[in-house]
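Notes follow the structure.
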Amino acid sequence: MSADKRLTEDDVVAELRDGMTIGIGGWGSRRKPMSIVRAILRSSLSDLTIVSYGGPDVGMLCASGQARKVVYGFVSLDSIPLEPHFRAARQAGTIEAMELDEGMLQWGLRAAAMRVSFLPCRAGLGSAIMENNPDLRTVVSPYDGQELVAMPALPLDVALLHANRADRRGNAQYLGPDWYFDDVYAMAAERTFVSCERVIDTEDFTAHASEQTIKVSRLWTDGVVEAPFGAHFTHCVPDYPRDEALQRDYAASAKDADAWAAFRARWVDVPEPDYRRLAEASLGGAR
Amino acid sequence: MSDAPTLAEICVVACAEAFRGDGEILTSPIGVIPTLGARLAALTFEPDLVYTDGDALQLGAPVPLGDEHAPKIVEAWMPFGKMFDVVWSGRRHVIMGATQIDRFGNQNIACIGPWARPKVQLLGVRGAPGNTVNDPTSYWVPNHSPRVFVPAVDCVSGVGYDRAAAAGPTASQFHEVRHVISNLGVFDFETDDHSMRIRSLHPGVTLDAVQAATGFELVVPDPVPTTRLPTDEDRRLLRDVLDPAGQREGEIRT
């Protein structure tokens with residue numbers, strides 16, 4: 001009998017530990033595994049290092065105080081360029097930051113995926129990230145003397161991804177125009193949990209889409225969570241667009257502690273089935 | 001066309017001019033006016049320029065800005081993973097924004113104040129470090145002021161000429177900050193020490209006004225050229241094809 005990797009969000013959280021380094025797939029406010037992020041917010045997990053092309057995943061974990069350190073190339077809500085909760089945390093000095101060039105971040109994940117301690121690149125030379133990350137080193141090529149940044153591997157304890165579809169064995173399908181670096185996060189991680197809009201039978205992957213959309217193989221996944229509206233309020237095209245109205249409410253909730261508490265009570269501290277109904281209504285404009 | 005061109009139209013043309021001579025490379029313009037500039041260049045004097053929908057699709061023909069339902073001719077697929085391949089290969093010219101920029105073209109989009117604990121956290125460095133040491137980079141500043149054109153930036157995101165030189169030949173090998181386009185004029189670094197020079201001023205902008213809006217001394221050519229005005233064809237393309245909704249007029253705050 002082949003493995004059935006289906007889990008719930010709470011099962012995933014039960015596999016996490018204080019102090020872990022967690023990579024979160026997607027990009028900005030696009031296809032983020034928000035239902036798992038919300039489950040982390042409802043847990044007592046703390047002291048986390050988050051590695052992400054960040055959006056509200058990073059912002060919420062900053063707002064909850066559970067992120068101790070964030071490794072990022074940017075943190076943005078896309079249609080709202082600056083992530084207000086992340087911004088507040090940086091300005092208050094409540095998180096440690098490793099700020100990288102966007103290309104370097106995926107390069108560090110690739111190094112981890114290859115189990116090498118660094119990969120060389122030109123990106124970073126001359127920029128402030130060399131000063132702001134004093135542990136970064138350069139390396140001189142043994143072939144022609146080129147001096148390059150030695151981007152250190154960014155190994156992850158866990159990667160969290162959200163896909164459009166997955167099967168129960170843990171293969172994941174991406175139906176939108178970009179799967180971002182989800183496959184690289186998975187390869188850089190000890191363990192990977194994928195949430196998805198719908199768990200389908202393996203033979204149905206290619207019923208309506210090409211085999212090239214099955215981007216993450218079960219070789220790299222440890223659990224599958226069926227999570228309809230699991231990326232909401234970030235977008236999960238073609239299943240649904242970003243919920244811009246709710247994103248605006250989320251951004252406004254960074255105003256003060258009361259505003260965040262009110263947002264959290266309505267949109268975080270709720271059981272998933274209730275959340276899905278709220279999300280569907282909100283996306284439909286009924287709020 | 002009988003009416004006078006708008007400042008936004010002049011800035012679009014100035015952005016387009018940044019791509020002159022680029023040939024078959026990928027343009028990655030950030031913002032409305034740079035996006036229109038790249039597409040205008042592609043429709044006029046740089047027909048082989050490559051551009052995307054701002055997302056993962058490389059387009060075979062421009063779509064009207066802001067029209068989400070316009071049919072797209074997709075000529076290639078350009079997800080972010082491919083985009084990094086392009087950046088690191090040198091086949092790209094980006095026009096980025098700049099919260100701050102200094103006389104040698106160092107740019108900041110990351111934060112205001114000390115990076116360790118910023119007064120204002122902005123985007124982070126995004127792709128600026130890699131863009132600037134791998135490909136030609138230009139900047140678009142819609143609000144030219146001494147707060148943007150500063151003696152020294154708070155966090156070097158995009159690398160300028162002095163920092164690229166100091167970082168060694170691997171950093172400077174492919175480094176080029178080409179143009180800075182603002183609401184007042186166009187600036188370049190074609191000077192002996194690569195300090196910022198006025199390339200042209202937009203019609204009606206005086207030397208005193210631009211110097212007063214700049215936090216360091218600009219190199220001034222004699223005479224000071226005036227920025228090229230849009231041709232009738234440029235304006236027709238902007239109004240009828242590229243930006244019928246007129247989004248270009250909303251980006252410059254006056």
* Asked: Please state the relative contact order of the stretch A:1-147 as a whole percent: Cα pairs under 8 Å, 6+ residues apart?
  -> 16 percent
* How far is it, in nm, from the label point at A:M114 to the one at A:R277 when both lie 7 Å from their Cα along the line to the Cβ? -> 5.1 nm
* Structure fact -> With label points set 7 Å from each Cα along the Cα-to-Cβ direction at A:S43 and B:K82, the distance between them in nm comes to 3.7 nm
* Structure fact -> Length gained if B:D53 through B:D192 is fully extended, taking 0.36 nm per residue and subtracting the Cα-Cα distance, is 46.2 nm
* Structure fact -> Taking placed amide H atoms and a strict 5 Å upper bound, the residues 5 or more places from B:G97 or on another chain that come that close are B:W140
* To do: May I ask you to derive the FRET efficiency for A:E211 and A:E190 from their Cβ-Cβ distance with R0 = 35 Å, giving the value to the nearest 0.05?
  => 0.80
* Amide H contacts of B:L57 (H built 1.01 Å from N, under 5 Å, at least 5 apart or other chain) -> B:M78
* Are there GluC sites (Glu not before Pro) in the stretch B:175-233 that DSSP marks as loop and that have at most 14 other Cβ atoms within 10 Å, and which are they? -> B:E190, B:E217
* Evaluate Rg over Rh across the stretch B:55-96, taking Cα atoms for both radii and Kirkwood's formula for Rh. => 1.02
* Asked: Measuring from centroid to centroid over Cα atoms, what is the spacing of the stretch B:117-154 and the stretch A:51-130 in Å?
  -> 17 Å
* To do: Only helical DSSP H runs with n ≥ 4 go in: add -39500 (n - 2.57) per run for chain B, normalise by residue count and round the 222 nm mean residue ellipticity to 500 deg cm²/dmol.
  => -6500 deg cm²/dmol
* Convex hull volume per residue in cubic angstrom - Cα atoms of the stretch B:1-81 -> 109 Å³
* Backbone HN-Hα couplings from phi across the stretch B:65-71 [Karplus 6.51/-1.76/1.60, Hz, Gly and Pro as x] -> 4, x, 8, 5, 9, 5, x
* Integer Hz, Karplus 6.51/-1.76/1.60 couplings in order for the stretch B:74-85, x for Gly and Pro -> 9, 9, 6, 10, 9, x, 4, x, 5, 4, 5, 4
* Asked: What is the mean projected area of the alpha carbon convex hull for the stretch B:192-254, to one decimal in square nanometres?
  -> 6.2 nm²
* Structure fact -> Counting only residues 5 or more apart in sequence or on a different chain, those whose built amide H sits under 5 Å from that of B:I25 are B:V50
* **Descending semi-axes in whole angstrom, ellipsoid equivalent of the stretch B:7-250, from the Cα gyration tensor** => 27, 23, 17
* Charge dipole (chain A, unit charges on Cβ, about Cα centre) - positive-most of A:L82, A:P33, A:V199 -> A:L82
* To do: Provide a whole-number value for the mean count of partner chain Cβ atoms within 10 Å of the Cβ atoms in peptide B:162-173.
  => 5
* Could you calculate the FRET efficiency of B:S89 with B:A61 from 1/(1 + (r/R0)^6), where r is the beta carbon distance between them and R0 is 22 Å, rounded to 0.05? => 0.35
* **Cross-link partners of B:K119 among lysines (Cα-Cα below 30 Å; sequence separation of 8 or more within a chain)** => A:K32, A:K69, A:K255
* If the convex hull is drawn through the Cα atoms of chain A, its volume per residue in Å³ -> 137 Å³
* To do: Using the 2.2 N^0.38 Å rule of thumb for compact globular proteins, work out how the stretch B:1-137 stacks up: its C-alpha Rg over that value, please.
  => 1.14
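Bear in mind these aren't lab numbers, they're just calculated from the coordinates by the rules spelled out. Computed from a predicted model, the values in this text were never measured in an experiment. Note: ideal-geometry Cβ built from the backbone for every residue, glycine included; neighbour counts use all protein chains shown.
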